């Protein structure tokens, strides 16, 4: 009996997920990944996606028509919770594939596009996102990557940046400018690009924490068949809104649950070893304050996921509030961990198996939270203008 | 031998000031002033000014030509330090008289204006400032109080606000609009107004801490002789810059020195009584952190006063940095004192004799620091634009 | 921890709570708006008494009291909603003291004590006084009578005092007692000094009453602070939309927009802390209620302080609203227990739960 | 406290110090600019060694060493200037360890020890290693030789170790010793683990060496942090003036301007804390040096963190500058002693001074 067969009995479903994770997650995977080569990382991500697929848990939230199981929000919460509890791998490399691509294709793709590309996801296709450009970050709509029609193709020239795992991607959802004379939001078109097309070059970007999770795309005379356009020509900005809105807390939710287990494990170890900071009024209070914020953040994420199911949800600024508060909290927690780790915590180390075992790695990595996916400054604009109705002058 | 006779021997000068303060400052004046009526407050301020005058310390920094003693910065630092050390009264009611009026008249007044009005200051004339209006606070140059020429007079109509001690003032330095059609900085004229003129009405503004230090001025057909204009017609904005620049740390300096003695006395009492917060890691550390900031602030103020003596000082944004950091520190210190005072600290009390004896009064009063005299938001604009060269767009 | 009275009624559903919130909010917006509160503060209107009668007649005073004693049995979640709305309108009156005393009686009293007192609280017949910081001092107890002085939260005409003696808590009727009101910076609540000499308690409760009182007060104060902070933030943003400087509403200045966004974010987190604490009010050794009180009251002081600043000059005047909420937030901050101590106690609770091999962080059942 | 060697030279005047600052700044701007530091970090240039030779030939390594031992006798104020400029350019090299060890020898060594060591430090002949946190662990001392392992700040080719034994401090020559470099997040400084087995000390110093070393390191680290924070703030603001979004330089956005103003204000305060600490470095039981280290290193972490954020996407990339300064600030933060402990020690010092009837806050003589 598969896990999905238990979907009508939530506790049994949870037990089944837990059991499966206990069987499938290899111990020590984190330490191995900390020093993994790119090839090992890719192989491991593909293996994990395949395992999830076998268990029916790769795309369980998609409609049944497109290979999903149509699971409810409550099931997804259970899955995310159990994955976090088991400290199982994240499907990092598949974020765009699992969330943004369907979030775009379901409302805006043609039936042919959906059939062709959604099917590939369950099989392990890696997608990346070609949105930001070196000169168009916060001001995304100013993008300049050009697409020019040439018969039944478009020819693309330009540059994209901050494209997660684009070094490993099979496909790209790409924003381009098709009408440079139109107002900036009106001349944009949205494409599906085969990353193996001639003229696509990807260079990894080295981050301050030593990792390279993002790539820079250099596109030179790349030819994309016209049938790969999503939505109408020059209507790409509207389509992109669906992509940008598709996430709405899903990744943050799993992250917050992971952080909860991580900090709890950290605390258990500290208690067991009689860590000195527990006897320090200031540090101990700072720590329990984080716990209150963690719990509030988890509450807020549940509220957001519930809100997503209601009509009109896209007008709410709750995702921005969640991002702003959650990423700032993460940064403060990692900073605290870094402080109490002293000089030893300044010794270079990547991901460690012990929770917050390399706090400086986590601290440096926390900037992807406060900067990527819309900087927190942009979040503040959104909250003030859309949420509080403060005027744009 | 008077105090001023010792000006060439700084330690002796300091001893003389200290001796004079020991003789003249009445013990218990603070407690008395905490519950004083307006009349008692005025009488006390006038008495204090008269005493300072007798000792030659009313206007010691003014040039000798205008009744001052031409003392150096180092002498002023000694005087302010000793006044703070003795916890002597502030000459609050005379701030405009002692600083802003001469700061304006020396560069911009006619000889007749200087002779007439500066002489009055040493005799105890109280001056107030009529600059801000209900709709022109941060945006001072948008002021609308009208002055219309009528023969050898100007006729004033309008409203002024945030005018310290205007309820008790003899004279007012007043900004008015003489040309409503000119660009906003170009149509302003600067007057000396007799507060006893018909048509001047003053209403005290009640503050959240229960005090009324500010007044609102209602001006109806007030006639000012044309000879009372400072500078040229429509050139008042330029004159006002001299008024605004005249303070440059002088009041803040005495305030910082007072705060130093106040917090030291508070600490000595806490040590002597074994205050519980001294045994609390978090609170004790927070407190010693304030001391580091207090010392840095005192350093910064000395740097500012020294800078004032150098040419080109008016271009520096150090006054804004001093105001921003000093008033925010004051607010944090008062907030700390309020927290550790617990429920008892929430019982209503005005100024108390013991240092920080009514921390909530001090905390509520600290907003005059962060808001009055140019809000801290305006200070940030100034620092960013003039100090850091960040563009105004 | 034993199941307590306030739990037995079964949890009210979200729709019920939302409807109740709307009802309370509607009444308070009408009765206790800015003008009414200013008139009260300036001694021109007995808003506290008017509101109290209305609260009694609308059943608010029975929100947390089980049905069988004349209440609505809405539990901690219902009380959190009520206190948040009272905070939102800076409503004057002894709500925190009375409703929290009722919770303590409901949780720690035997049935005859509940029978005697809860209906009187629910009907508004009497209001209660409770120690402003319940853990700090106890009355002297002769075995027959209590003596001593306590600084209490409550109205000068409070009918009953709930107070600690050595190992227990007592209810003492206050008719004719020596009560002195202390003028406070917060004009919307009253603190009284109660002096008792050989007063005979009307009832004796076990020490559980102290924990229940502290828990109820902490949650009430947290909720009140969250409501107060949200309210003055909304009013401040509304003011900023009308106040013009440099030819535009100041709400359009980006630096102020970013600060407002940070305030809104803090408020969202504070609300969830209160909600989480209310859900867990009887579990997890009070960890979350204590943390919510500490975190939310400090957030409220931060927010209300910034709201004064964002108003500019008028912010620190008597005639505008910000000082009322700031003063309310500052009193809340020091009620119940000093926040550092609350965090220490929460940490101790967390250590105990963790050492017992449990997790205090589960949200899902 | 006894008058120490670094005081005897008489205080240098401000004009001398300003001229020295300009000189140091000029050399470092030319030698250790952004490109050079990136090349060093990426292993393409031995900037650390080049700078060290230059520092030696320009006399920088003798800034704090009395004239009679080959130094310039500039005292704590001179050292603060040098370290601030090194921090400003994120200059790689064992300056904090070597210059602080020299101060300890100057303050606590007898004349023959000074004669033997100070000229070698001043000339750059050897660099020193010192415990990264001098108060945390001591070597074992047989009366003849020392053994044990210490995590030290210093270069892998450090010539001498200054380290604590039971009640004293030793200088141990490191030629041939077991030294392991630990790769650090901060690429501009090196931390080494030194393992000694029955090593014979070259000199023995009394316990005053520990206090002098801690004081010198704390001041050095504070100054380095102030310089680093100021530098990356200036670079960040320069970047913001060139980076355009929404049709304007982002330096024109008011929310970012206000943050930059707050950073500038924090830097101004941090600079004064360092200046004040340098002036008082040998007085007031080290209160101000310890507080400066705690406050300024934390301010620098705040500032450098915000500079990453203000850069946006490129802020957390390897190729831009902010991470270099952030990592330097984070290492500084944990060197010498944990900041909470420094504040505790400063508080203890303050209490002692106050109880002795003195004031620690006098600025004027």
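The values are calculated or read from the model by the stated rules, or taken from the named source; none is laboratory data. Keep in mind that what you see is a predicted model, and the values were worked out from it rather than measured. Cβ placement follows ideal geometry from the backbone for every residue including glycine, while neighbour counts extend to all protein chains displayed.
The table below gives the values:
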{"quantity": "Residue in region A:349-364 that is within 12 Å of chain D (Cβ to nearest Cβ), modelled with pLDDT under 95 and either surrounded by fewer than 22 Cβ atoms within 10 Å (Cβ to Cβ) or over 21 Å from residue A:35 (Cβ atoms) (or both) present", "calculated": "yes"}
{"quantity": "Region B:227-251: number of residues that are more than 17 Å from residue B:309 (Cα to Cα) and not in a strand (DSSP E or B)", "calculated": "12"}
{"quantity": "Criterion (closer than 30 Å to residue C:354 by Cβ and surrounded by fewer than 21 Cβ atoms within 10 Å (Cβ to Cβ)) met by exactly one of A:252, A:272, A:256", "calculated": "A:272"}
{"quantity": "Options A:380, A:310; residue that is crowded, with 18+ Cβ neighbours inside 10 Å and within 27 Å of residue C:223 (Cβ to Cβ)", "calculated": "A:380"}
{"quantity": "Residue match in region D:272-287 (condition: facing chain B (nearest Cβ under 10 Å), touching a helix residue (DSSP H, G or I) at 6+ places or on another chain (Cβ under 6 Å), under 21 Å from residue B:393 (Cβ atoms) and in contact (Cβ under 8 Å) with a residue 12 or more places away in the chain)", "calculated": "no"}
{"quantity": "Scope region D:309-332; condition in contact (Cβ under 8 Å) with a residue 24 or more places away in the chain, within 7 Å of chain A (Cβ to nearest Cβ) and buried (at least 24 other Cβ atoms within 10 Å of the Cβ); matching residues", "calculated": "D:330, D:331"}
{"quantity": "Residue satisfying all of: in region B:301-317; without any contact (Cβ under 8 Å) to a residue 60 or more places away in the chain and part of a helix (DSSP H, G or I); nearest to residue B:359 (Cα to Cα) among these", "calculated": "B:301"}
{"quantity": "Which numbered condition residue B:131 fails, given (1) surrounded by fewer than 21 Cβ atoms within 10 Å (Cβ to Cβ); (2) within 14 Å of chain C (Cβ to nearest Cβ)", "calculated": "(1)"}
{"quantity": "Residue C:48 under 19 Å from the mean Cα position of the chain (by Cα) and at pLDDT 95 or above", "calculated": "yes"}
{"quantity": "Residue match in region D:253-274 (condition: touching a strand residue (DSSP E or B) at 6+ places or on another chain (Cβ under 7 Å) and outside any helix (DSSP H, G or I))", "calculated": "no"}
{"quantity": "Candidate set: region A:195-216, residues that are closer than 15 Å to residue A:159 by Cβ and under 19 Å from the mean Cα position of the chain (by Cα); chosen: the one surrounded by the fewest Cβ atoms within 10 Å (Cβ to Cβ)", "calculated": "A:204"}
{"quantity": "Lone qualifier among C:351, C:360, C:346, C:292 - being without any contact (Cβ under 8 Å) to a residue 12 or more places away in the chain and within 30 Å of residue A:269 (Cα to Cα)", "calculated": "C:351"}
{"quantity": "Subset of region D:23-37 (residues that are surrounded by 12 or more Cβ atoms within 10 Å (Cβ to Cβ) and either touching a helix residue (DSSP H, G or I) at 6+ places or on another chain (Cβ under 8 Å) or over 19 Å from residue D:53 (Cβ atoms) (or both))", "calculated": "D:24, D:25, D:27, D:28, D:31, D:32, D:34, D:36, D:37"}
{"quantity": "Matching entry among B:389, B:373 (being outside any helix (DSSP H, G or I), over 20 Å from the mean Cα position of the chain (by Cα), surrounded by fewer than 21 Cβ atoms within 10 Å (Cβ to Cβ) and more than 7 Å from chain D (Cβ to nearest Cβ))", "calculated": "B:389"}
{"quantity": "Hey, residue C:235 touching a helix residue (DSSP H, G or I) at 6+ places or on another chain (Cβ under 9 Å), surrounded by fewer than 21 Cβ atoms within 10 Å (Cβ to Cβ) and away from chain B (no Cβ under 14 Å) or not", "calculated": "yes"}
{"quantity": "Pair list, Cβ < 8 Å and 6+ apart or interchain, from region C:208-220 residues that are at positive phi to residues that are part of a helix (DSSP H, G or I)", "calculated": "none"}
{"quantity": "Subset of region C:124-145 (residues that are surrounded by fewer than 16 Cβ atoms within 10 Å (Cβ to Cβ) and not in a loop (DSSP other than H, G, I, E, B))", "calculated": "C:140"}
{"quantity": "Restricting region C:173-195 to residues that are buried (at least 23 other Cβ atoms within 10 Å of the Cβ) and part of a strand (DSSP E or B), the residue that is nearest to the other protein chains (Cβ to nearest Cβ)", "calculated": "C:191"}
{"quantity": "Verdict on residue D:97 being within 14 Å of chain A (Cβ to nearest Cβ), in contact (Cβ under 8 Å) with a residue 12 or more places away in the chain and assigned to a helix (DSSP H, G or I)", "calculated": "yes"}
{"quantity": "Lone unmet requirement of (1) over 19 Å from residue D:102 (Cα atoms); (2) in contact with a strand residue (DSSP E or B) (Cβ under 8 Å, 6 or more places away or on another chain) for residue D:209", "calculated": "(1)"}
{"quantity": "Filtered residues of region C:196-216 (kept if surrounded by 22 or more Cβ atoms within 10 Å (Cβ to Cβ) and part of a helix (DSSP H, G or I))", "calculated": "C:209, C:210, C:212, C:213, C:214, C:215, C:216"}
{"quantity": "Count of region D:339-365 residues which are out of contact with any helix residue (DSSP H, G or I) (no Cβ under 8 Å at 6 or more places or on another chain) and either facing chain A (nearest Cβ under 10 Å) or crowded, with 20+ Cβ neighbours inside 10 Å (or both)", "calculated": "1"}
